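Just below is one structure, and these are the notes that go with it.
The values are calculated or read from the model by the stated rules, or taken from the named source; none is laboratory data. Keep in mind that this is a model prediction, so the values were computed, not measured. Note: ideal-geometry Cβ built from the backbone for every residue, glycine included; neighbour counts use all protein chains shown. For the accessible areas, the whole protein counts, side chains as well, though only heavy atoms, and no ligand, DNA or RNA atoms are used. Shrake-Rupley method; radii C 1.70, N 1.55, O 1.52, S 1.80 Å.
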Amino acid sequence: MLRFCLRCLCVLVLLCGNPLWANDQPESAKTGSLTFRLPTAAGGIVELTEKPQHKATVVCFLGAECPLARLYGPKLNAMQTAYQSQGVQFIGVNSNQQDSLENVQEYVKQYEIQFPLAKDYNNEVADRFAAVRTPEVFVLDDKLKIQYRGRIDNQYLPGVSRAETTSHDLKNALDQVLAGKPVEVAVTKPNGCFIGRVKQTEVKTSLTFCKEVAGVLNQHCVECHRKGEIGPFSLTDYDEVRGWADTMLETIDDGRMPPWHASPKYGHYANARFMSEDDKTILRDWVAGGMPFGDVKDLPKLPTFRDGWHLPQVPDAVYEMRNRPFVVPKEGVVEYQYFVVDPGFKEDKWITGAQVLPGNRSVVHHAIVFIRPPDGADFRGIGWLTAYVPGQRIKKLPEGRGRRVPAGSKLVFQMHYTPNGTAGEDISKVGLLFGEEEEITHEVFTMIGIDQEFEIPPNTNDFPVSAKVHRIPPQAELLAIAPHMHLRGKSFRLFMKQKDTKDKSEILLDVPHYDFNWQHIYELSQPMKLDAVDSLEFTVKFDNSKENPFNPDPNEYVTWGDQTWEEMAIAFFEVAEPRVKQKTHAKPKPSKKSSKADQIQQQQQKVDRLMAEFVQRFDKNGNGIVELDEIPLSAQRYGKIRDRDGDGQIGKEEIENLVR
């Protein structure tokens, strides 16, 4: 079964810091000269003199490993090119103690930085400007007076990549300075990572990196923050940890890390990720006490991790999403991509383990592989096979459990890509472990609860949508739960009703602060028998207000759709059902015998009713015909609704085959 082992400080974008500064008002630049002379990544020297030869100067504080600094590198390049002829110079400054000159040179090369990027040893220039984060920009006039400071624009936030920029803060400030006008918005709050300053702090703690801190990081962080993994930097190195200390504490203290969003009040989950208060206190006290290194003999060994495949053995078969790379642009929004693969199964296969291995972790936000059975195949569930999100850990299904893939099935890759500032290529693949049919006692499949008919009004902050699982299979057991919404998703709560207490519901899972960046699968510590369960119902809530920092546009009506600026209200339920049902001893209820003709008539009436409901639900233009473009893409995929004859319509025969 999937086990999503999402460890502390594991995702790229969420390490960029809160979009607000720690204080409401930024600290003013130090009085005195803002001039400097620094060595550049190219081996030269860049100088800001008291009498610059330019009408305006943009000083950009950047970090080699900060995700937002990477995203904004190309934007700053474009602005430098656009404004160079107007007498504007751009100077980049790296003040991070954890970034070596080699790191800065690599950043310049990877993001093709055209303006000089200097290394600010001991963060003297950052202190002079009172810079706080990367990226953070300062616009100086020809008298070196700061006319603007703050963010570049509002396209990128921690965890958010807007399709379009709606607030061009740096550009507006430059245009107004060049026009000789006052800057209307002179200060904005930057989004990004704390600058890793060299702190002149007296050691006031007995805690050391070697004896206490490294062990905490090994337990919670380094699975992702090590060389070759998804974390943008390593937390195995003392100097790196010192430089990232402020950002590390910020993400822990504001609850973003460890990345676990289920309330501990309800349910018990095998993949729960919590950092104890004792461990948090160790990190806080060590940072406040001067961050001493300690005695190297106390340094624990690094945990052993397997690179690549995380399955307990090498996959029996591996299938690439296609034979050529998909090219991910350096910026913008990439629509979901779908790739269909024929594994060539000539007979039914039982899958006991599956893992998606991304070809380029830096751009793969998440991936799902579905099973598409051939027409007419006996198949259960929605076809979910496996999925990938950053930081996951994959295990085999429990003993005796397996997913059946009918002969002739195709594998469908659903790929969600996120540009990161550099054009990239990806060929992701899936690895499968096969089981012997005689060893499989329980068939695993995925059920779905879904509502597609909602419309979220503009400027609402707590809009509820409810749905349920329509059929609970007898004698089955629940293994895991996975809620899914998009950027306006606010909360998720799953209710269970027992058959003997239908008027009372019990909360099975509560996610009070849903986060789109973490597609958790909540794996129950022990499988839950569903024999006595009458219903599984859930309520999701959406925040379409301006107070939601991830909201693409609070003034829009929002309906169902695949893209992140649209919304979904889905819950996936992973269940296992015995292949051989146990006989029940309940006394059969007497029933009136009916003729075969009556049974056929009753069945046809049921089919006719379901067909009418289908047309009523999806015939949006009321012409009595369900056209293919009236069916949401997700319903086509999850509900197996297909235009089998290719006429652009879901005809009567196709609807009848679907509802039977």
Compute the acute angle (0 to 90°) between the alpha-carbon long axis of helix 596-618 and the principal axis of greatest extent of the alpha-carbon atoms of the chain; round to the nearest 10°. 20 degrees
Give me the net charge for the shell around residue 52: Cβ to Cβ below 10 angstrom, other residues only, Lys and Arg +1, Asp and Glu -1. -1
Give the peptides 306-316, 451-461, 239-249 in descending order of average Cβ contacts within 10 Å, highest first. 239-249, 451-461, 306-316
Given charges at beta-carbon only (K, R positive; D, E negative), |dipole| of the stretch 27-120 in Debye: 300 debye
Angle between the chain longest axis and helix 169-178 axis [Cα atoms, degrees, rounded to 10]: 30 degrees
Please report the orientation-averaged projected area of the stretch 107-201, defined via the convex hull of its C-alpha atoms, in nm². 8.0 nm²
DSSP bridge pairs, the chain: antiparallel proportion in percent, nearest 5: 90 percent
With a 1.4 Å probe and every protein chain left in place, tell me how much accessible area residue 550 has, in Å² to the nearest 10. 60 Å²
Taking the Cα centre of the chain as origin, work out the dipole magnitude from +1 charges on Lys and Arg Cβ and -1 charges on Asp and Glu Cβ, in debye rounded to 20. 1060 debye
Is the stretch 161-206 best put as rounded, prolate or oblate by its Cα gyration tensor, with a ≥ b ≥ c the root eigenvalues, rounded for a/c under 1.5, and otherwise prolate when a/b is larger than b/c, oblate when not? oblate
Relative to the longest principal Cα axis of the chain, at what angle does helix 277-288 sit, 0 to 90 degrees, rounded to 10? 10 degrees
About its Cα centre, how strong a charge dipole does the stretch 232-312 have in debye, to the nearest 20, once Lys and Arg get +1 and Asp and Glu get -1 at the Cβ? 400 debye
Once Lys and Arg get +1 and Asp and Glu get -1 on their Cβ, which of 311, 49, 514 lies farthest toward the positive end of the dipole of the chain? 311
Mind checking the per residue accessible area of the stretch 268-410 for me, 1.4 Å probe, whole number of Å²? 48 Å²
Taking a ≥ b ≥ c as the square roots of the eigenvalues of the Cα gyration tensor, with a/c under 1.5 meaning rounded and otherwise prolate when a/b exceeds b/c and oblate if not, the stretch 38-154 is rounded
